[in-house]
1. Suppose we filter A:225, A:184 for residues that are in contact with a helix residue (DSSP H, G or I) (Cβ under 8 Å, 6 or more places away or on another chain) and modelled with pLDDT under 95; which single one remains?
2. Can you tell me which condition residue A:59 does not meet? The list is (1) under 17 Å from the mean Cα position of the chain (by Cα); (2) within 14 Å of chain B (Cβ to nearest Cβ); (3) free of Cβ contacts under 8 Å to residues at least 60 places away in the same chain, and all the others hold.
3. In segment A:218-231, is there at least one residue being surrounded by 22 or more Cβ atoms within 10 Å (Cβ to Cβ) and under 29 Å from residue A:74 (Cα atoms)?
4. Exactly one of (1) within 14 Å of another protein chain (Cβ to nearest Cβ); (2) within 27 Å of residue B:331 (Cα to Cα); (3) outside any loop (DSSP other than H, G, I, E, B) is unmet by residue B:36. Its number?
5. For residue A:159, are the conditions met, namely being within 14 Å of chain B (Cβ to nearest Cβ), more than 20 Å from residue A:234 (Cα to Cα) and without any contact (Cβ under 8 Å) to a residue 60 or more places away in the chain?
6. Determine which single condition residue B:67 fails, assuming it passes every other condition in (1) closer than 30 Å to residue B:380 by Cβ; (2) free of Cβ contacts under 8 Å to residues at least 40 places away in the same chain; (3) in contact with a strand residue (DSSP E or B) (Cβ under 8 Å, 6 or more places away or on another chain).
7. Can you name every residue in segment B:11-33 that is over 23 Å from residue A:212 (Cα atoms), touching a helix residue (DSSP H, G or I) at 6+ places or on another chain (Cβ under 7 Å) and either more than 10 Å from chain A (Cβ to nearest Cβ) or modelled with pLDDT under 95 (or both)?
8. Looking only at residues that are in contact with a helix residue (DSSP H, G or I) (Cβ under 6 Å, 6 or more places away or on another chain) and farther than 14 Å from residue A:257 by Cα in segment A:39-53, which one is nearest to the other protein chains (Cβ to nearest Cβ)?
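The values are calculated or read from the model by the stated rules, or taken from the named source; none is laboratory data. Keep in mind it's a predicted model, so treat the numbers as computed, not measured. For neighbour counting, all protein chains shown are included, and Cβ atoms are generated from backbone atoms with ideal geometry for every residue, glycine included.
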């Protein structure tokens with residue numbers, strides 16, 4: 001049982017949907033990103049997705065691209081991202097942290113070393129966008145063996161033939177990508193997402209969380225209503241980018257969380 | 001017959017799209033079903049005589065193949081050693097080798113029922129080739145090009161527009177070729193149903209590196225029979241030399257000779273201002289290390305934290321921080337050797353070639369030529385070097401003029 005499994009068990013027991021929020025590590029700088037991160041659980045966030053900055057985020061739209069660039073220009077590194085997690089963990093032993101990013105910074109560090117460091121820092125799961133099931137031997141299998149959840153993306157192009165392959169080595173939860181496209185682009189449509197989530201749930205007992213294209217409390221409520229929860233990323237990152245005080249960013253997050261929890 | 005216990009160097013990639021540890025399919029889940037479908041369709045087309053009949057017909061009547069294999073007498077005399085031959089792929093329609101591959105991919109796209117073609121381009125040669133073939137077949141064409149390249153390659157941007165393509169300047173990241181490739185992938189992931197991504201080099205997720213290599217291999221296949229025609233039955237080149245950005249013209253020349261151990265294979269990377277720790281070059285193999293980008297594992301220019309670095313070269317066509325995975329493998333197993341040539345050396349070769357042979361080369365093959373100039377003098381007179389003249393220099397005259405301090409009215 002990881003913190004992710006515990007969190008879903010608790011949410012299920014209280015009949016609540018999960019609200020997952022995404023922020024980029026080191027955006028716009030480490031102190032500010034850390035104070036937003038520390039405030040997320042209080043704003044109603046059940047699971048934190050922490051973006052690992054990368055120069056070439058091929059699946060991300062302009063908002064998250066810019067966030068990664070801001071972080072890297074500020075000198076953000078994998079070491080400092082792990083340190084951010086340790087600093088967060090010093091005050092919160094419960095909220096799951098999922099590191100989300102691309103493979104090269106992990107590969108560059110060395111997979112075994114990265115897994116050990118991630119576990120030691122208090123990371124619970126990984127989402128690595130450019131590692132499909134075909135490349136499971138790279139990181140997915142060693143990470144699962146070491147006790148990290150490996151959360152896979154399922155998409156509208158994941159057909160019935162392919163779904164079992166996608167689910168095979170997935171743990172923690174399934175992240176359903178609501179649209180074909182990049183983060184922060186087209187709006188997720190509940191009438192399209194609902195049947196897809198139901199289709200996935202027929203093949204797995206894992207919770208199914210929907211992300212991409214959710215940016216208002218109303219959308220969070222509607223989409224969480226047809227799944228086990230939802231993820232908001234770009235909309236929060238946009239708030240951070242405006243330079244607003246941390247409390248205002250967290251107040252916005254709280255409205256999104258409340259939306260998801262109403263579902 | 002190959003060495004190292006392998007029966008052949010020409011059987012790669014394996015089922016997982018790997019050449020040794022290189023290659024693979026490092027893409028998001030949304031794209032996975034698309035590249036698996038592409039692989040299946042390409043595997044079928046590869047053995048379909050009607051596919052190759054269509055290719056051969058267009059290669060001959062539209063592109064102008066076979067391109068000549070030209071013995072360069074004055075350059076040979078000037079260097080005083082090995083006999084230098086040039087494979088004249090700069091005489092192809094659109095002025096470079098790029099169209100060899102584009103034709104193959106677009107014929108495949110048509111067979112797959114795709115109606116919209118996207119491409120990335122650096123110097124604009126692949127963009128022009130793609131726009132050209134799309135115009136010929138009446139397909140919608142969108143070309144992603146770094147904003148910085150749009151500015152420095154204005155003639156090619158205009159050409160693409162004349163051919164009916166939409167050129168999208170890419171400002172994300174640093175606005176170069178790698179960012180153009182990122183945005184093309186973002187487009188593809190958004191428009192999965194009707195869109196075919198026509199990659200311009202031997203990189204990207206499997207099956208692209210193998211597919212592009214197969215289409216470009218026409219270069220080396222022609223060299224084999226053309227050299228035999230001129231030098232006698234069974235005569236192979238002793239050395240083949242080609243410039244490498246992503247490495248498609250080089251793979252095209254090298255591949256048919258991989259299992260001929262007497263053929264020395266040399267790839268020439270862009271050394272920019274010199275291959276050292278200041279990273280003002282694009283020499284992925286001599287100055288980079290293995291990593292994962294744009295769907296494949298290969299040698300990349302990157303920092304200690306796995307962040308991708310910008311390359312630097314006078315030649316926009318070589319300005320890419322990676323290299324095709326098959327080259328990485330050939331490098332590691334030692335079947336091919338890879339060297340680098342600086343901007344200054346390439347400029348010198350560019351000028352010499354014009355004066356001695358009446359051929360103005362593109363800056364990309366000028367790198368290959370510069371290496372030929374280095375090695376030919378010390379080689380015996382019966383040693384045969386074939387270099388790939390993969391593009392013509394018309395597009396580069398403004399860049400070269402600037403470097404030579406010549407003012408040109410535009």
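1. A:184
2. Here residue A:59 clears every test but (3).
3. Looking for residues that are surrounded by 22 or more Cβ atoms within 10 Å (Cβ to Cβ) and under 29 Å from residue A:74 (Cα atoms), one finds at least one in segment A:218-231, hence yes.
4. Residue B:36 satisfies every listed condition except (2).
5. Yes: the conditions hold for residue A:159.
6. (2)
7. B:12, B:13, B:19, B:20, B:22, B:23
8. Across segment A:39-53, the extreme among qualifying residues is A:53.
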